[in-house]
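The values are calculated or read from the model by the stated rules, or taken from the named source; none is laboratory data. Just so we're clear, the structure is a prediction, and the values are computed from it rather than from any experiment. Cβ placement follows ideal geometry from the backbone for every residue including glycine, while neighbour counts extend to all protein chains displayed. Areas reflect the complete protein model, heavy atoms only, side chains present, ligands, DNA and RNA absent. Shrake-Rupley method; radii C 1.70, N 1.55, O 1.52, S 1.80 Å.
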There are 4 protein chains.
Amino acid sequence: MKRRYSSHHAWRRAQSIDELAWMARRRLPAFAWEYVHGGSEDEITLHDNRRAFAAWGWQPRTLVDVEQRDSRTRLLGAPAELPLAIAPTGYNGMLWRDGDIALARAAASRGIPFTLSTVSCASLETLADAVPEARLWFQLYVLDDEAVRNDMLERAKRVGVDTLMVTTDTVVLGRREWDSRSYLNPRRLALPYLVDAALHPQWAYRALWPQGLPTLGNLMKYLPKEQQSAGSAAGYINQRMTRRLTWEVLADIRQRWPGKLLIKGILNAEDALEAKRIGADGVVVTNHGGRQLDGAPATLDALPEVVDAVGESMHVLLDSGIRRGSDIAKAVALGAEGVLCGRATLYGLALGGEAGAAHAIDLLKEQLHNLMAQLGRPTLEQIDRTCLRRAPYAATR
Amino acid sequence: MKRRYSSHHAWRRAQSIDELAWMARRRLPAFAWEYVHGGSEDEITLHDNRRAFAAWGWQPRTLVDVEQRDSRTRLLGAPAELPLAIAPTGYNGMLWRDGDIALARAAASRGIPFTLSTVSCASLETLADAVPEARLWFQLYVLDDEAVRNDMLERAKRVGVDTLMVTTDTVVLGRREWDSRSYLNPRRLALPYLVDAALHPQWAYRALWPQGLPTLGNLMKYLPKEQQSAGSAAGYINQRMTRRLTWEVLADIRQRWPGKLLIKGILNAEDALEAKRIGADGVVVTNHGGRQLDGAPATLDALPEVVDAVGESMHVLLDSGIRRGSDIAKAVALGAEGVLCGRATLYGLALGGEAGAAHAIDLLKEQLHNLMAQLGRPTLEQIDRTCLRRAPYAATR
Amino acid sequence: MKRRYSSHHAWRRAQSIDELAWMARRRLPAFAWEYVHGGSEDEITLHDNRRAFAAWGWQPRTLVDVEQRDSRTRLLGAPAELPLAIAPTGYNGMLWRDGDIALARAAASRGIPFTLSTVSCASLETLADAVPEARLWFQLYVLDDEAVRNDMLERAKRVGVDTLMVTTDTVVLGRREWDSRSYLNPRRLALPYLVDAALHPQWAYRALWPQGLPTLGNLMKYLPKEQQSAGSAAGYINQRMTRRLTWEVLADIRQRWPGKLLIKGILNAEDALEAKRIGADGVVVTNHGGRQLDGAPATLDALPEVVDAVGESMHVLLDSGIRRGSDIAKAVALGAEGVLCGRATLYGLALGGEAGAAHAIDLLKEQLHNLMAQLGRPTLEQIDRTCLRRAPYAATR
Amino acid sequence: MKRRYSSHHAWRRAQSIDELAWMARRRLPAFAWEYVHGGSEDEITLHDNRRAFAAWGWQPRTLVDVEQRDSRTRLLGAPAELPLAIAPTGYNGMLWRDGDIALARAAASRGIPFTLSTVSCASLETLADAVPEARLWFQLYVLDDEAVRNDMLERAKRVGVDTLMVTTDTVVLGRREWDSRSYLNPRRLALPYLVDAALHPQWAYRALWPQGLPTLGNLMKYLPKEQQSAGSAAGYINQRMTRRLTWEVLADIRQRWPGKLLIKGILNAEDALEAKRIGADGVVVTNHGGRQLDGAPATLDALPEVVDAVGESMHVLLDSGIRRGSDIAKAVALGAEGVLCGRATLYGLALGGEAGAAHAIDLLKEQLHNLMAQLGRPTLEQIDRTCLRRAPYAATR
């Protein structure tokens, strides 16, 4: 009898994020799975993100009192139950009806922040209304229309967003070639993918019923009438993404935004120092989950250089590749204040909505606590570079 | 005609421990195999234990008189036929009726020590009665009830245990996720595993007949009436394992225990020096067979640092990953006094009881003797670091 | 639903050169595919060419204005839309009727040079007549008959070739053992390959109809009557290839050729300096696409040494292994003026003739432009060694 | 259509030794294939021998006159057409009736030496009679009976052996576990292997008809009557192999043997210097084809150290792992006078007797000549360390 994950319906018994991913792959139609899971071009960076975590092993101490394990910390100045926030991901409604709201509720129930994407299905207002208990962060894509940009900032202020995260690595979209292969043209699924979608009734019921395909709620008011379907809107937005995004634009946003400001898209010390210069509060070390520049460094590899440059004076978060509690701990050990996870909670969302996403967070937390006990470091402050060792090379593959 | 191991009934013709493992996998129901063979989380450390052995090659000398090969040595001050002892493993009765006794007899017949686990099926008293010829070591899990702990020490003294081995790396249980997947809850096998078990009548006959599932004999007297089944007992024990296990507790045990004392759970020089400070006689360099902290160093990688720190003044044993006679020799070359093997003899036990375990020991011995001849070093004293060379990296995978 | 490339008829939707290759493999009979795709002996160098590209990752900068991306450059002193030229490949007519002409038209339509091979199907004169808009380069194999060699130079001058590329790494043919396995003898396909060819009617229609197997048009006038079939001609040419090809011969050619002169077959600084000494204008760093010396260095590995030696004073082009826009950029970052691509456009040619080859060029261009935007370097001048980082070793496999 | 080797009957069209191996595997019964092809224990050294060749790439020069390629050299003071000799291998008659004679004739026809094994099927006298044109070397296993040893030396002198090769790495037999799995006991094939043998009539006809299993002709006169079958003899010999083989014994043999003396079994400088001290003429760097100590160094890795120690004053040959002409050249580049090949010619022998073995030699020669041309080094003297470069690590797997 071979090792086998259980049925993809039994997500409550999943023991790891990888198992949730396996289940989600079976639950979702291929085009949606590809959209969530895939990377750009040859997916070198996608896989390198994981390799970078495997490249570190632990150096445990024994015979330490670990009766009390505590993973509480502060993120961007406010308390969080874990050094973890939900990353902004677009079009969550394709995985589960009102997916943004489900994710936000899961985050709130577990005491961590949730980041709403510019290309979310729920608008800022809807989300804030539906989940008043959320600690709400907002991710901004900068379009070429300044009025739209400023209006989004105003709306974010109005609904009580405490942290603004400006994404800078998406001025042109990465070549997600496998994703493109699902479509005959940007708005039309190729036949085999349509058939495949039809064969996933559970997904269709959870995600599409009764309203059909969700729209990009957050942007609806800026879209021309004839481009309000999600497919059209995505193309429209991509077209209007400014390619003239520079540090001057960010400095201007800094002036207009009174809350915390994070720059998401930093992979080296030079850019981190620029972020500090324009007055940002922090940076997110990210390669967009391996979905933009293929060949970009793994985020865990880039982290130490950024921490060394600005770690004393700025909040440094790490994004991309988190699949285990030990990954969170490795980022913390190398100087991150915390991490963002995107796919991990999306897998849970696709399987069980709010409860599924919460299960994903619970797995990460349990794994982190287990690690802290076994490492002989029961608090996050004790987890630093001395706990790590370079894994022998052969062990990283 | 492809290379193929023979039928899993012909274990007496098995040529290697890997072949025994292959056979045992077919003999055992999946849940039992998983329990014996698996590791924690992504099993990185489990595999790294083997990689670390592969990372060393030999540097033979030729034209040496090797008519007399001699693998006799002293372990913890007393003679042994091989630098090998049987590691403590829990619940051996699940593999073979009265498995502890069978293992102890195999060890005694081959002139090596046997270690009884705290969570054994046979109690200390039963074992000592049944195998008076055994050189008996006892492994202690420290529970939060001091009276229980002290009582176990008393019992061990009474039955003539010469060496006490205190395990320190299990204050919380490692996440053996694949093991958990066998169960709906800690006491109930999932249906496919039940069916699979029913399809292994040979195992059922050997392990379960006529008494049914064995109990944790060693702990029976401390268990509440309603928790004396093995499943319940395991949960109960895990819950009562103290998370406040510190060097002070070990110092206290040192005071109470007049015999040899080994600390099992050491992976670096700092902790080895602590062990020396509290007066332990030796340490076992172990990562619990890759079943506790995933990402912990391979034991062969950790060994030299421990030997350099305390090798002159303490007994240093290596545990985890022994599959060949050459593995024993590599540990000895790097300074270990000897090694423990857990799974290797369990595979033999599962196939042939005492005779099967003895066959596993015989294989290791034959391989060790063959190596000594080919290496041009017919005694163990001659096997030192000069016999080793780093394997070219590509050869370690 | 597994990731799968679409039908091999839908080449216009191919997203990458690898996808085109997959499609071409299905379109072509096995012997033709092998001829185009294979390498020599164990194909170590063939694969190493790709590994060398994977060994470099990118170091992007963010928040740079990339509204204008520009990949225009100068090759051998004249403008080109991309730092790319079509490499000389023999017997293109086997893939598509009048394949040389189709390739030359595709190159001209995309603003890049096309190199005609000595062993082309179209003669220099036919090609120049059919594609007057082409920027025409000519590749010379040096035969042992000096009169033939000089006549070819005269003809090249006459039709307006601006650059002569002399191949120096083919004085004996590499052992393309898999290619040889297609044939019972140099002129006769083995039966399974004949049957396989018969099962590819689309190919037969595009390549063979109505004239049948093409001949080596360029050499026809030098061939004995009875050796004018392609099979005979290839054997004849191979036999007459001079093994006495030395720098003196090249110096003589330099005297006779008034245009630009490139030496194709350079893999180190010493030979590059020799090329400079005899007055060549440039060198092509190549290992003949892994088809000659198996074990020769990957071209991207050899490039920096050549650039350091002669990069200031000569044109340095890189050949072999280009499959992505980012590969072009890596060569440019390491100092190449541009690259040659052979197989990439041949895959397109085999699928769609001129349009297919043009699609291959378009893919490379799109990928290059996308990369420039994501890298924050919108012009080729900005792409230098500071944009690169060594990929962690594990990521190169 | 996938790449596939052709039918295993068409060995005359085989393009490489690997292809011959593939064919031989199909021609031979499994037990015989295993005996020829397998290694000891986990076959780490077996594979490492090949990895070590892959670890070197070439550094070619271009535009060199290579009209004349010449691979002639001197081995142990006498001319040879190639830097290659046939290694001693036991029981060749199991592959082809009178296999020793066929190999010796192939070697003689190609101008290279042939080494007869102590455990050959043809006796020294038979071989010398049958192939008077052979340059005959003789390999000696030292048994514990001095009279036998001295008699073998006398016989070797009498038949005109010019070089004696004493094997020192086989005082105990390596654990060739897969080989052992073919047998129920040393003399009896397990049933599936018997059936498999019966299914290879072509082999049976070529090897067994009409005399049946061959005997160990060379040793027949020393064997007790009841142990003259090959199976019994092998066991008897293995038992009588002296484990007291020391440098003193070798010094004694040196005294008694007037011809050239090679010590086969050297893997480091210390032992090479001992060989020089006792007056040997040369050494063979070997690990017995990966069949003895598993974990021993690859021979190409061990070669430079031996060459540096005694290369000026002794003949140094390399054994184990030769599969291509380029492997021969790599050994020569690193200082070997020549190489031995065992399996390569055995594959040919198993397929076509003398003609098959000759085809294997021809392949190696053709590949070597092709390499010399492409490398721009048309003579062996020019092939030195400057022609080599370390292959990038990823390329060695």
Given the rotation relating D and C, tell me which residue in D puts its Cβ closest to the axis and the distance in Å. D:393, 5
If you find the alpha carbon centre of region C:49-104 and of region A:134-154, how far apart are they in angstrom? 39 Å
Put +1 on the Cβ of every Lys and Arg and -1 on every Asp and Glu Cβ in the protein assembly as shown; which of B:8, B:320, C:297 then has its Cα farthest towards the positive end of the dipole? B:8
Nearest-first distances (nm) between copies at residue A:2, label 7 Å from Cα via Cβ: 1.2, 1.2, 1.7
Indicate the gyration tensor shape class of the protein assembly as shown (rounded, prolate or oblate), computed on the Cα atoms with a ≥ b ≥ c the square roots of the eigenvalues: a/c under 1.5 is rounded; otherwise a/b larger than b/c is prolate and the rest oblate. oblate
Considering only DSSP beta bridges whose two residues both sit in the protein assembly as shown, what percent are antiparallel, to the nearest 5? 25 percent
When ranked by the protection proxy of mean other Cβ atoms within 10 Å per residue, highest first, what sequence do the peptides A:9-20, B:247-258 form? A:9-20, B:247-258
May I ask you to list the lysines whose Cα is less than 21 Å away from that of residue C:157, ignoring any residue fewer than eight positions away on the same chain? C:221, C:260, C:264
Go through region C:140-150 residue by residue and turn each phi into a ³J(HN,Hα) via Karplus (6.51, -1.76, 1.60, θ = phi - 60°); whole Hz please, and just put x for glycine and proline. 10, 8, 8, 8, 7, 9, 5, 5, 4, 4, 5
Please give the total accessible area that chains C and A bury against each other, computed with a 1.4 Å probe and expressed in Å² to the nearest 100. 3700 Å²
In nm to one decimal, list the spacings between the residue A:184 label point and its equivalents in the other copies, with label points set 7 Å along Cα to Cβ, shortest first. 4.8, 4.8, 6.8
If amide H atoms are built 1.01 Å from N in the plane of the peptide, which residues on other chains or at least 5 residues away come under 5 Å of the amide H of residue A:59? A:388, A:389
Please give the Cα centre distance for region A:181-200 versus region D:204-250, rounded to the nearest Å. 71 Å
Roughly how many whole Å is it from the C-alpha centroid of region D:294-310 to that of region C:263-334? 35 Å
How big is the dipole moment of chain D about its Cα centre under a simple scheme where the beta carbon of each Lys and Arg is +1, that of each Asp and Glu is -1, and everything else is neutral? Debye, nearest 20, please. 1100 debye
Counting partner chain Cβ atoms within 10 Å of every residue's Cβ in A:166-174, what's the average? 4
One decimal, nm, nearest first: from residue B:224 to the same residue in each other copy, label points 7 Å out along Cα→Cβ, the values are 7.2, 7.2, 10.2
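Let me know the mean shielding of B:264-271 by other chains, meaning the per-residue number of their Cβ atoms within 10 Å of its Cβ.
For this peptide, the per-residue mean of nearby foreign Cβ atoms is 3.
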Suppose we keep just the DSSP beta bridges with both residues in chain C; what percent of those would be antiparallel, to 5? 25 percent
Among C:103, C:138, C:83, whose Cα lies farthest out toward the positive end of the dipole of chain C, if unit charges sit on the beta carbon of Lys, Arg (+1) and Asp, Glu (-1)? C:103
Over chain B, the sum of -39500 (n - 2.57) across DSSP H runs of at least four, divided by residue number and rounded to 500 deg cm²/dmol, gives at 222 nm -12000 deg cm²/dmol
Cβ-based net charge around residue C:101, under 13 Å, with every Lys or Arg adding one and every Asp or Glu removing one: -4
Calculate the dipole size of the protein assembly as shown relative to its Cα centre from +1 charges on Lys and Arg beta carbons and -1 charges on Asp and Glu beta carbons; express the result in debye to the nearest 20. 3680 debye
Top of B:134, B:55, B:107 by mean-square fluctuation, Gaussian network on chain B, Cα under 10 Å: B:55
Near residue A:365, which lysines are there with a Cα under 16 Å away, not counting those fewer than 8 places off in the same chain? A:330
Interchain or long-range residues, amide H under 5 Å from residue C:75's placed H: C:80
Treat every Asp and Glu Cβ in region C:81-169 as -1 and every Lys and Arg Cβ as +1, leave all other atoms uncharged, and give the resulting dipole magnitude about the Cα centre to the nearest 20 debye. 300 debye
Mean accessible area per residue over chain C (1.4 angstrom probe, all protein chains present, square angstrom) is 35 Å²
Report which residues of region A:362-397 become buried by 40 Å² or more of accessible surface when going from the isolated chain to the complete set of protein chains (1.4 Å probe; DNA, RNA and ligands ignored). A:370, A:374, A:389, A:392, A:393, A:394, A:395, A:397
Given H placed 1.01 Å from N in the peptide plane, which residues other than close sequence neighbours of residue C:140 have an amide H under 5 Å from its amide H? C:165, C:166, C:167
Whole-percent carbon and sulfur share, accessible surface of chain D, 1.4 Å: 50 percent
